[in-house]
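Please read the structure below before turning to the comments.
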Amino acid sequence: MSDRETASGLVVRLKGADFFVSTGSGEVRCSLRGRFRLESGSEDVIPVVGDTVRFKRERAGDASPPRGVIVGIEPRKSILVRSEAFQKKGYRILGANMDQAILVFAVKEPALNLRLLDRLLVAALCGSMEAVICINKMDLAPDPAEIEEELAPYMTMGYQVVRSSARTFEGVDRLAALLAAKLSILAGPSGSGKTSLVSCVQPGLELAVADVSARTGKGTHTTSHFELHHLASGGFLGDTPGVREFGIWGVSKEKLAAFFKDFDPFRGACRFATCTHSHEPGCAVKEAVESGRVARARYESYLRILDTVPDERTMKHPR
Ligand code: GDP
Ligand code: ZN
């Protein structure tokens, strides 16, 4: 096989031990021999959905799709990673190389959980991808002004906020435009309307966003459910199983505040350079909360996450 040229493609789906790699001319079902390093000195990794991999085609049989063997992974420009206690490494990389995470929440049914949104924003930002906030089921909003008030801090931070409804089609065009020609991952609670929105954007596209833990009663086997779908507009869209909680991985207590954009104007003015904006005196972030310049709810999200992440000294970084 060494005489065969290598080609490259995008991992769009995993099945069993196989990786489905999308190329300009169809999919190739690849197996993996060994593990790879993304850079010299780094830990070994195995490919995830969104990776660009190099592979060698196996001698043409009549296998459909054709078969190949992965021989390398390109460096990742972004990753979405969550902590998962039951994983050996303590975390799982949900996808790589996404341009943006589209975070879909409903105004109600299920109730708008902005604290979960705050966690996902940290995960997106620390994984080097953009985040777009999509507030769905606007048709059910009893008081749109109240929703606007809750969303105001996110608008001030500069996040794009799409208000949508899969019922009235509000926001659907804007969502479609945002997805075009990009690699995106959809995330948000189960029932927020991800599947419905996607079928508004592209009828016929089947997502597998169902909450796996609800179906199996266990939250432990969600691996194979993430898949990238090719959009007619040229982008790729991936789904995640509905998230009810999201553990932050790869951020230390000392670094966490850097992922709260609304703290940026204040962080530099704390008395201590190492301020974690929790118990320290002379904290400019806490003062900003008191004076209403940082939303208290955002600060509470920060404190909750701070409680769950390690110190810089004991930190491990995801690969
Ligand atoms: P997913 O779990 O995030 O994929 O959510 P689904 O797309 O399966 O939607 C969950 C439920 O909410 C379904 O009964 C949908 O019909 C409903 N739904 C989705 N989007 C909207 C919306 O914009 N407005 C209203 N009223 N219902 C919606
Ligand atoms: Zn501080």
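Scanning region 238-271 for residues that are modelled with pLDDT under 95, of a type outside the set (G, A, S) and not in a loop (DSSP other than H, G, I, E, B) gives a single hit, D239.
One line per residue, one yes/no per condition, for (1) under 23 Å from T195 (Cα atoms); (2) under 24 Å from the mean Cα position of the chain (by Cα); (3) not assigned by TED's automatic domain parsing to the domain that holds P110:
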residue	(1), (2), (3)
K137	yes, yes, no
L140	yes, no, no
D143	no, no, no
E150	no, yes, no
T156	no, yes, no
Q160	yes, yes, no
T168	yes, no, no
V172	yes, yes, no
L175	yes, yes, no
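Residues in region 162-199 that are near ligand 1 (Cβ under 8 Å from one of its atoms), within 14 Å of I133 (Cβ to Cβ) and part of a loop (DSSP other than H, G, I, E, B): S164, G188, P189, S192, G193. Under the condition of being polar (S, T, N, Q) and within 12 Å of D239 (Cα to Cα), the residues counted in region 164-192 number 2.
When the residues of region 203-229 are filtered to those that are in contact with a helix residue (DSSP H, G or I) (Cβ under 8 Å, 6 or more places away or on another chain), modelled with pLDDT of 50 or more and of a type in the set (A, V, I, L, M, F, W, C), the one that is surrounded by the most Cβ atoms within 10 Å (Cβ to Cβ) is L207.
The residue of region 166-202 that is surrounded by the most Cβ atoms within 10 Å (Cβ to Cβ), among those that are in contact with a Leu (Cβ under 8 Å, 6 or more places away or on another chain) and of a type in the set (G, A, S), is A187.
Among R298, R267, R293, R271, which is in contact with a helix residue (DSSP H, G or I) (Cβ under 7 Å, 6 or more places away or on another chain), away from ligand 1 (no atom under 16 Å from the Cβ) and farther than 28 Å from L94 by Cα? Working first, answer last.
Numbers: R298 fails: farther than 28 Å from L94 by Cα; R293 fails: in contact with a helix residue (DSSP H, G or I) (Cβ under 7 Å, 6 or more places away or on another chain); R271 fails: in contact with a helix residue (DSSP H, G or I) (Cβ under 7 Å, 6 or more places away or on another chain).
Sole residue among the options that is in contact with a helix residue (DSSP H, G or I) (Cβ under 7 Å, 6 or more places away or on another chain), away from ligand 1 (no atom under 16 Å from the Cβ) and farther than 28 Å from L94 by Cα: R267.
Only residues that are over 14 Å from the mean Cα position of the chain (by Cα) and farther than 21 Å from V12 by Cβ were counted across region 75-104, and they come to 7. Of all the residues in region 231-264, those that are within 16 Å of ligand 1 (Cβ to nearest atom) and polar (S, T, N, Q) number 1.
D307 meets the conditions (1) near ligand 2 (Cβ under 9 Å from one of its atoms); (2) without any contact (Cβ under 8 Å) to a residue 12 or more places away in the chain; (3) in a helix (DSSP H, G or I) in every case but one. The failed one is (1). Against the conditions (1) surrounded by 17 or more Cβ atoms within 10 Å (Cβ to Cβ); (2) modelled with pLDDT under 95, P144 satisfies every one except (1).
The values are calculated or read from the model by the stated rules, or taken from the named source; none is laboratory data. Given the structure is predicted, the values throughout are model-derived calculations rather than measurements. Cβ sites come from the backbone with ideal geometry, for glycine too, and all protein chains shown count toward neighbours.
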